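Below you'll find the structure, written out as structure tokens, and then a few comments.
What follows draws every value from the coordinates through simple rules; no lab data is involved. Since the model is a prediction, treat every value here as computed from it, not as a measurement. All Cβ positions, even for glycine, are placed from backbone atoms using ideal geometry, and neighbour counts span all protein chains on display.
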Amino acid sequence: MLDTEKLRKDFPILSRTVRGKPLVYLDNAATSQKPKAVIDALSNYYLNQNANIHRGIHTLSEEATQAFEEVRKKVAKFVHAPSAQSVIFTRNTTESINLVAYAWGRKNIQAGDEILLTGMEHHANLVPWQILAQEKGAVLKFVSVTEAGTLNLEDLDKNLSKKTKLISVTHVSNALGTINPIRRFAQAARSVGAVLFVDAAQSVPHIPVDMRVLGCDFLAFSSHKMLGPTGIGVLIAHEDLLDKMPPFLAGGDMIREVWLEKATWNDVPYKFEAGTPDIGGVIAFGAAIDYLQNLGMDNVRAHEQELVAYALAELSKIQGLKIYGPLDAAQRSGVVSFNLGAIHPHDLGTVLDEDGIAVRAGHHCCQPLMRGFGISGTTRASFNIYNTKEEVDKLVKSLERAKMLFDACAPGAFSTGSSSPKETSQKSSRK
Ligand code: PLP
């Protein structure tokens, strides 16, 4: 098990206060906090190693290149990727998905082909496929979401056909926490010769992920959600798949030879890494992976599962509070989305903030999912390794205070039986 009290000391930001109260950071699904080891790795790069990579023959450049390429190996090992060369560094999960939609999609999707998605995708795993489908005259199909916040797998079989060329699915829902049965999707994809893309933005940071077990063709995730810096994303695919894909962005580093009228491409993964990357960010991402490896992803998962089970039990005691997603902690990650009576999530988030509690409120970049539930959004608490049961207690106490406050303003409006906030205007809330 994790020694939470000890590891909290590794995260400098956790000792700050917000509005005079100790910070309770429950917005980890948006981005995680960073341990000192990651911050130090970033500043050490700029203090001692700063140089551009791959092109230099001087010592600093060689050192930076080696440190950067070491992280590629670490990433590959962390998720059991086919090889280090199958790991491409991008800016974030969003860019990884766009890379595939552009480079793989424009070559392999034709008019009449079908792309199978689900009703719980983050906009990042929806809009790039919409654009591709519109451009190519392809058809989008969807696996629907049940009332319980799980995927309706009957839809998977029903919508699968020889026309299905790509299935793209989130491993863990950022809005509900639901852990999806990826192997089932891999079998379905294989049965019709389709390619499987897995959006692992919410799984790789929180549960052990083994690409070989998942059986997917593409995997994408972001450093900033797994204790690393912002600005670094990962895309992984078998080298033979990547070899056949045309480039995404063009420029320096991704070429082998350039003439005035034409160019040839570098090997994978460099073919997909045009221009100077965020070198310091990648190196610091390596420190984040080391940190998680040292804790052990099984321990990370066990801690967050215990916390989410506790949160589900305690939140369920609040009258009028509706939880979305599976109620079994084994079926979900450390994400709990809820509504309290008819209180708008933004108002609830504001009251929680007064108590130093950071949560996310809104549609979580899942407008179709929210629409399916007939709501404008939810309040979402999402946990990480440094969160504690005491923090869950503070959340519950603050929600009780919010309930009293709103009941005092508009008696009866927010108590049990009143409806959840209805879909009206989709106020913006990202991630
Ligand atoms: N997919 C899922 C499931 C997410 O939760 C997110 C971000 O919240 C993304 C994709 C996009 O990640 P990023 O903003 O790092 O590109």
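Computed from Cα positions, the angle between helix 59-79 and the longest principal axis of the chain comes to roughly 60 degrees. Mind checking the dipole of the chain: about its Cα centre, +1 per Lys or Arg Cβ, -1 per Asp or Glu Cβ, Debye to the nearest 20? Dipole of the chain, to the nearest 20 debye: 580 debye.
Couplings 3J(HN,Hα) of region 352-367, computed from phi: 4, 4, 4, 9, x, 9, 9, 10, 10, 9, x, 8, 6, 6, 9, 4 Hz, in residue order, whole Hz [Karplus 6.51 cos²θ - 1.76 cosθ + 1.60, θ = phi - 60°; x for Gly and Pro]. Neighbour counts of C-beta atoms inside 10 Å place Phe221, Phe406, Phe272 in the sequence Phe406, Phe272, Phe221, starting with the fewest. Of the beta bridges in the chain, as assigned by DSSP with both residues counted there, near 60 percent are antiparallel. Residues whose amide H lies under 5 Å from that of Ser203, counting only those 5 or more places away or on a different chain, are Val172; hydrogens are built 1.01 Å from N in the peptide plane. Taking a straight Cα-Cα cut-off under 17 Å and skipping sequence neighbours fewer than 8 places away in the same chain, the lysines within cross-link reach of Lys322 are Lys397, Lys403, Lys422. With respect to the chain, whose longest principal axis is taken over its alpha-carbon atoms, helix 389-409 is tilted by about 60°. Work through the residues other than Thr378 whose Cβ is under 11 Å from its Cβ and net out their charges, Lys, Arg +1 and Asp, Glu -1. Counting the neighbours of Thr378, the net charge comes to +3.
Normalising the average separation of contacting C-alpha pairs (under 8 angstrom, six or more residues apart) by the number of residues puts the relative contact order of the chain at 21 percent.
In sequence order, region 261-273 has phi-based couplings of 9, 7, 8, 10, 9, 5, 6, 5, x, 5, 4, 9, 10 Hz under the Karplus curve 6.51 cos²θ - 1.76 cosθ + 1.60, θ = phi - 60°, and Gly or Pro positions carry x.
Hey, any idea what the orientation-averaged projected area of the convex hull of region 324-398's Cα atoms comes to, in nm²? Taking the Cα atoms of region 324-398, their convex hull projects to 5.4 nm² on average.
When the chain is described by a simple charge dipole with +1 on each Lys and Arg Cβ and -1 on each Asp and Glu Cβ, the residue from Val169, Thr378, Ser398 located farthest towards its positive end is Thr378. Residue by residue, region 191-199 carries 3J(HN,Hα) couplings of 5, 10, x, 8, 9, 10, 9, 10, 7 Hz when phi is fed to the Karplus relation 6.51 cos²θ - 1.76 cosθ + 1.60 (θ = phi - 60°); x denotes Gly or Pro. Ratio of Rg to Rh for the chain: 0.99 [Cα atoms; Kirkwood radius as inverse mean 1/r over pairs]. Going from the fewest other Cβ atoms within 10 Å to the most, the residues Arg72, Arg16, Arg401 appear in the order Arg16, Arg401, Arg72. Restricting region 181-285 to trypsin sites (Lys or Arg not before Pro) that sit in a DSSP loop and have at most 10 other Cβ atoms within 10 Å of their own Cβ leaves Lys262. The gain in end-to-end length when the Glu70 to Thr17 segment is fully stretched comes to 15.4 nm, 0.36 nm per residue minus the alpha carbon separation. May I ask for the angle, rounded to the nearest 10°, between helix 297-315 and the longest principal axis of the chain, with both axes built from Cα atoms and the value confined to 0 to 90°? It is inclined by approximately 30 degrees. For the listed residue pairs Lys158/Lys271; Lys158/Lys225; Lys136/Lys262; Lys9/Lys317, the alpha carbons are over 28 angstrom apart in Lys158/Lys271; Lys158/Lys225; Lys9/Lys317. What aspartates and glutamates sit close enough to Lys141 to cross-link, taking a C-alpha to C-alpha distance under 12 Å and skipping anything fewer than 8 places away on the same chain? List returned: Asp113, Glu114, Asp155, Asp157. Residues Met1, Met120, ranked from the fewest to the most other C-beta atoms within 10 Å, line up as Met1, Met120. If you plug the beta carbon distance of Lys6 and Leu47 into 1/(1 + (r/R0)^6) with R0 = 22 Å, you get a FRET efficiency near 0.20.
For a paramagnetic label modelled on Ser161 (point 7 Å from Cα along Cα→Cβ), amide N atoms under 20 Å away belong, within region 107-123, to 108-119. Which of the three applies to region 1-150, rounded, prolate or oblate, going by the alpha-carbon gyration tensor with a ≥ b ≥ c and a/c under 1.5 meaning rounded? Cα axes put region 1-150 in the oblate bin. Could you list the residues of region 229-266 with an amide nitrogen less than 18 Å from a label point located 7 Å from the Cα of Lys107 in the Cα-to-C-beta direction? Taking a point 7 Å out along Cα→Cβ of Lys107, the residues of region 229-266 whose backbone N falls under 18 Å are 235-251, 254-257, 263-266. Applying 0.36 nm per residue to the separation of His58 and Thr264 and subtracting their alpha-carbon distance, the gain on full extension is 71.5 nm. Taking 16 Å as the straight-line reach from the Cα of Lys21, the aspartates and glutamates in range (excluding those fewer than 8 positions away in the same chain) are Asp353, Glu354, Asp355, Glu390, Glu391, Asp393. Assign one of three labels to region 43-93, namely rounded, prolate or oblate, based on the Cα gyration tensor with a ≥ b ≥ c the square roots of its eigenvalues; rounded applies when a/c is under 1.5, prolate when it is not and a/b is larger than b/c, and oblate otherwise. Prolate shape, in that a/c is at least 1.5 and a/b is the bigger ratio.
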